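J.: One structure follows; several queries about it will come next.
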Amino acid sequence: MSPEQERVYLAPQWKLMWWKFRKHKLAVISGIVILLMYLSVAICEFLAPYHYTTRNTARSCISSTKAASSAPSSTPIPSASTWRI
């Protein structure tokens, strides 16, 4: 057996899969996209344009086609202490 054949024969399953994966360009690009999505989830609070307690009440009751054309407006969500029962 040649050294190359022996290397493939003795390689663990994960290494064989990794070699195949690296040859498939679409799979590598898709893997990068998925990693970027997971990274954006990890830093979503930094990427968000507004604080997590703000809500855009100006566009809450209109259809999505009108919402895309109107100007953004955001107001803070009232805290539980200001609610009246």
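The values are calculated or read from the model by the stated rules, or taken from the named source; none is laboratory data. The model shown is predicted, which means the values in this text are computed figures rather than measured ones. Don't worry about glycine lacking a Cβ; one is built from the backbone with ideal geometry, like all the others, and counts go over all protein chains shown.
J.: Among 76, 49, which is modelled with pLDDT under 90 and surrounded by 10 or more Cβ atoms within 10 Å (Cβ to Cβ)? I'd like the intermediate steps shown before the answer.
T.: Working: 49 fails: surrounded by 10 or more Cβ atoms within 10 Å (Cβ to Cβ).
The conditions single out 76.
J.: Taking segment 20-36, which residues are farther than 21 Å from residue 8 by Cα and surrounded by fewer than 11 Cβ atoms within 10 Å (Cβ to Cβ)?
T.: Pass one, segment 20-36, residues farther than 21 Å from residue 8 by Cα: 25-36.
Scanning segment 20-36 gives 25, 26, 29, 32, 33, 34, 35, 36.
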